[in-house]
Amino acid sequence: MNPASGLRTLLAPGNRRAIVLFWLCRLFAAWLVAAPLAAVFAGSGIRSYPQGDALLFEPGSVLLVEVVRLELPALVGALRVGLWIALATAVALLFPLVALWVSLAAPARLGWGTLAARSIDHVPAFALLGGLSLGAKALFALVALLFATALSGLSSRMSEPTADGTALALGLATLLGMGAIDLVFDLARAARIRSGVGALAALGVALGVGRRQPLPPALAFYAATGASAGGVLVTAAIVGWLHVERGPARFALAALLHLAMSLALVAVRAWWLRRALSCVPAPGDTPADTVAPPDPTPDPAA
Amino acid sequence: MGERLVRWRAEERRQLWIAFGVTLAAALLLDTFVLPRAAAAWTALAPAPAETASSHDDAGQALRPPSNPEHTAAPSQPPARIGPDYDDDRHLARRARPVASYDLAARLDAERHTVTGKGTIRWTNASSEPATELYWHLYLNAFKNERTLFLRSPFGAGRTAQRAADWGYTKIERLVAAGADLLPRLAQHSPGDPDDQTSLRLELPAPVPPGETLELSVEFESKLPSIVERTGYSRDYHLVAQWFPKIARREADGTWAHFPFHPQAEFYADYGDYRITLDVPAEMVVGATGRRVDEKRHGARKVLRYEIGDVHDFAWTAWPGFLELREQVDGVELRLLFPAGHETSARTSLESIRFALPFFSRRFGRYPYPMLTVVHPPEHAAPSGGMEYPTLITTGGPWYAPLLGVRALETVTVHELAHQWFYGLVASNEAAYPFLDEGLTSYAESLAMSQLYGPGSLFDGHSFEVSEAAVRRAVAAAYAGAGRIGAPAAHFADFQELGALVYARTATVLETIGNVYGQQKLLTALGRYARRYRFEHPGPKHLLAAVREVFDDHVADTLERALFEPAAVDFSVDEVRSVPYREPSGIFDGERSTRPAATPPRFVGRVLVRRRGDLRFPVEIDLFTERGDRLRRRWDGRGTFTTLDYEGDDRLVGALVDPERRITLDHDLTNNAFRSSPESGGRILERSVYAAYLLLAVAGP
């Protein structure tokens, strides 16, 4: 795929709409998840200080530590509630995510009704793939943990940096492995979108792609993941350097940067999803013929 | 769309249920196992205070040594005035009076982890009374069996809550004085505690008059336990501390300060001269108290001779894996011993010592010894880290901590170094008054760390900084009113409580006094105390007298109350009211008194500030008006509340007590401010939403 044309396709009006929709939905979900925690901080009395909650970000963290000490049970409770909300919203976010996939796969802009109808069709398969992906990652992490435990006996014969370096390498390998699981399941989702096959069949297609041509999707996936992680780290560094406690303008700039980064994360993911779609065969394609992602059903409303 | 939903096939519905089940199970696992552990970890950082003072007194009774009527820590004489002579080093004591001196030869069996020793102990009766008995500390007997005071707790009440996996002991095999065998006269003596053999009593055949010296010939075998807190072995690493029979300290009035070894307590001993010969396997790298004066190789072994005066203990370490770094710092030969891969750790410790050694010397008197050894134990022997002995300290921590911005290594290095003054040079009774060594050391450490590293003195992660003072203050506040700082070590419920009160709260009390009444004056008081009582054994009275001398009765009384009562302080702004001014109305007898028409204020108001707790400090209060003006008032802290009246052309909208946060002892900082319309809290909401967004991006669909 030509990068320029790929970007043009990615930013086509239909895709732009789906990207923004998914971004807004995830942003709203994040607000729901964060609200209990933020409410505990806000209710701690810190807002009555002349500097307000800027004190939580001051060097030395005296007030941050104080609020955590005094509000610890409430914070843990809020975190718990937040995680349950995250679970619920993660399920709800399946809908805009499927809409993003459908939109990316469509050759032209889809009407709202068509987009919704096609998306609904894919939700059960996506839900199953999501659950299986979670289970596979948990199993992989468990195996990695058992492997690390088995290796720990060897660490007594290594120097401390070697032992810690080995543990770090093992941790990174585990993360890469979990990324590979995500990669395979994204290919499975792509197969489902392109050919409408069931979740398990789609998984079979994805594994087939992984066997035949592992490099192109892997490069694209890890490039997208790396770019996202790098972007988050750079944003954190810039926001840290901004020192939001020093004035409202700095805070506003930091908030804008965070918004931009969160949108960029969705855009980068959409870029990868489009690449994933191009990696899986459509019905009737030969295995090598997997570049253009045609939509399996025409859009009567388009 | 609803029609589509209905049209989902049975297979698709089954898929949906499976997905739901898997996700729910994962969430339940997270909620049941991960979150409670995370909460417990946080709780350990900032523990809740004990419920009541009475429950505190009852806590840990089974672990507490029985009361010892002979044990007096503080001399009964009121301390004499110190005076400005001790504001510098001109009158600093040059030498300690040698009371208990040890000339010992020790051989390490690195396979059995035993040390066999023999030699001469000279003890001088420095008290005013003849001595008819001699008390001994055999600290390693604390690890002899599970009936000892130290190991009796099934939970591990020591600072690492770790139990020895291998037993340890010290056995005196020969004890002779003037040709008489004294061994049969030696009896275990932990009053009311017959199973503990850490305190022994020797009945002397003849009294030793005041000023006379008794020479004892001794042979012993010590078996090191596996590393448990301050001593022991781990694989081929040995930290050999409390390894020889040690004579207890006799106070000036003739009473003995002896006690069984409690897991929360440390040590107390007289100064003396040490001449120690160590016979170790040749491959061992050795670090020890004192100056190495000789080293000879004998086949597969080597013999090293160490000498030092004016100390009250001798510890050493032997491990083949040590690397070494040497540097002269402030005229002191610094020797760092560390495992391979810890080069960064060693340089980090060195950087801290370069700053802290002259820093402490300037404030508390010159460091008098020509050497200092810093030992960074290997990771498998980590519990032996963070300990002080004369001219030898142990640090610790993972090699990568300095790279991550965690300043734990710097903190422990500076803390143990500060102990060279408050423990080493001012040898207070650590069992009776642990705050005199640990508390003053923590304050000194905090002072040095904040000057050296600023707000990132505990963690410096680019733009997110946590100061040691912030965490220490929070830990101290969590135990406000929970117990007495000035209690003996054995009287705390557990090491967590001791840590919070003795370490954190003492430092916070001193920090508050310095902030409120003058840090320079506080340093003058501590400097006088440290210099005047160098090579002596002062008690709390001496510290309080120094503070009284430099400050006044109020400050000294406040310090005494903070140390010896479960006293606390919490300032809060409870109310801010402001209303438009209006002329008084009603029925007046005679002429109604009114203000001149030209000067009435537009607004009047009232601010209510409370002080809860038994500690009183003067405090500033800032009043804020709608236009952003700030008016400063001062309250002397008398009474439990004060009301501040306001008159002005602008509406009063808020107040803040202690705006410079001088009173770090304040129990709750979140109630120090009041605003009629609180700020929106947008920053924390924005940051939380972004964090949740990233969470959903990583773990969500």
inquiry  = Among the residues of the stretch A:40-50, are any more than 9 Å from chain B (Cβ to nearest Cβ), open to solvent by 10 Å² or more (accessible area, probe 1.4 Å), part of a helix (DSSP H, G or I) and on the phi < 0 side of the Ramachandran plot?
reply    = yes
inquiry  = Which residue is farthest from A:S61 (Cα to Cα), if the candidates are limited to the stretch A:225-244 and must be touching a residue at least 24 places away in the same chain (Cβ under 8 Å) and within 8 Å of chain B (Cβ to nearest Cβ)?
reply    = A:S228
task = Could you tell me whether the stretch A:17-30 includes any residue that is modelled with pLDDT under 95, over 18 Å from the mean Cα position of the chain (by Cα) and either within 23 Å of B:E465 (Cα to Cα) or more than 7 Å from chain B (Cβ to nearest Cβ) (or both)?
result = yes
query = Can you name the strands (runs of 3 or more DSSP E) wholly within the stretch B:237-297 that have at least 3 residues being over 28 Å from B:H537 (Cβ atoms)?
reply = B:272-281
ask   = Going by the structure shown, is A:A148 more than 30 Å from A:A260 (Cβ to Cβ) and surrounded by fewer than 18 Cβ atoms within 10 Å (Cβ to Cβ)?
value = yes
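Looking at this structure, is A:P107 open to solvent by 60 Å² or more (accessible area, probe 1.4 Å), of a type outside the set (S, T, N, Q) and without any contact (Cβ under 8 Å) to a residue 12 or more places away in the chain?
It is false that A:P107 is open to solvent by 60 Å² or more (accessible area, probe 1.4 Å), of a type outside the set (S, T, N, Q) and without any contact (Cβ under 8 Å) to a residue 12 or more places away in the chain.
Test of understanding: among B:Y369, B:Y306, which residue is open to solvent by less than 40 Å² (accessible area, probe 1.4 Å) and not in a strand (DSSP E or B)? Before the answer, list the steps.
Details: B:Y306 fails: not in a strand (DSSP E or B).
Criteria check complete, one pass: B:Y369.
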Cβ pairs under 8 Å, 6+ apart, first in the stretch A:113-134 and surrounded by fewer than 22 Cβ atoms within 10 Å (Cβ to Cβ), second of a type in the set (D, E, K, R) = A:T114/A:D299; A:A117/B:R4; A:I120/B:R4; A:D121/B:R4
message = I want to confirm something. Restricting to the stretch B:656-693 and keeping residues that are more than 26 Å from B:V471 (Cα to Cα) and touching a residue at least 24 places away in the same chain (Cβ under 8 Å), which single residue is nearest to the other protein chains (Cβ to nearest Cβ)?
response = B:R675
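Working carefully through the options A:V266, A:V197, find the one that is at pLDDT 95 or above and under 29 Å from A:A117 (Cα atoms).
Going through A:V266, A:V197 in turn, just one is at pLDDT 95 or above and under 29 Å from A:A117 (Cα atoms): A:V266.
Table: residues versus (1) surrounded by fewer than 24 Cβ atoms within 10 Å (Cβ to Cβ); (2) within 14 Å of chain A (Cβ to nearest Cβ).
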| position | (1), (2) |
| --- | --- |
| B:T441 | no, no |
| B:P455 | yes, yes |
| B:A477 | no, yes |
| B:I485 | no, no |
ask   = Exactly one of (1) within 30 Å of A:S262 (Cβ to Cβ); (2) more than 9 Å from chain A (Cβ to nearest Cβ) is unmet by B:A697. Its number?
value = (2)
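Yes or no, residue by residue, for (1) of a type in the set (F, W, Y); (2) more than 30 Å from B:V547 (Cα to Cα):
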residue: B:L92; (1), (2): no, no
residue: B:P98; (1), (2): no, no
residue: B:Y102; (1), (2): yes, yes
residue: B:D109; (1), (2): no, yes
residue: B:H113; (1), (2): no, yes
residue: B:Y135; (1), (2): yes, yes
residue: B:F143; (1), (2): yes, yes
residue: B:L149; (1), (2): no, yes
message = Within the stretch B:335-352, does at least one residue satisfy the condition of being touching a residue at least 40 places away in the same chain (Cβ under 8 Å), of a type in the set (V, I, T) and touching a strand residue (DSSP E or B) at 6+ places or on another chain (Cβ under 8 Å)?
response = no
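Conditions tested, residue by residue: (1) touching a helix residue (DSSP H, G or I) at 6+ places or on another chain (Cβ under 8 Å); (2) of a type outside the set (K, R); (3) more than 8 Å from every other protein chain (Cβ to nearest Cβ).
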residue	(1), (2), (3)
A:P124	yes, yes, no
A:S133	yes, yes, yes
A:K137	yes, no, yes
A:G153	no, yes, yes
A:L183	yes, yes, yes
A:I193	yes, yes, yes
note = Among helices (runs of 4 or more DSSP H) entirely inside the stretch B:506-563, those with 1 or more residues being under 27 Å from B:R95 (Cβ atoms) and open to solvent by 10 Å² or more (accessible area, probe 1.4 Å) are B:519-532, B:540-550
query = Across the stretch B:184-199, what is the total count of residues that are within 15 Å of B:I247 (Cβ to Cβ) and either among the charged types (D, E, K, R) or open to solvent by 60 Å² or more (accessible area, probe 1.4 Å) (or both)?
reply = 1
ask   = Which of the following residues is open to solvent by less than 30 Å² (accessible area, probe 1.4 Å) and closer than 17 Å to A:V102 by Cβ: A:A190, A:A206?
value = A:A190
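The values are calculated or read from the model by the stated rules, or taken from the named source; none is laboratory data. Source: prediction; values computed, not measured. Backbone-built Cβ (ideal geometry, glycine too); neighbour counts: all protein chains shown. Each accessible area value is taken on the protein alone, full model and side chains, heavy atoms only, with ligands, DNA and RNA left out. Shrake-Rupley method; radii C 1.70, N 1.55, O 1.52, S 1.80 Å.
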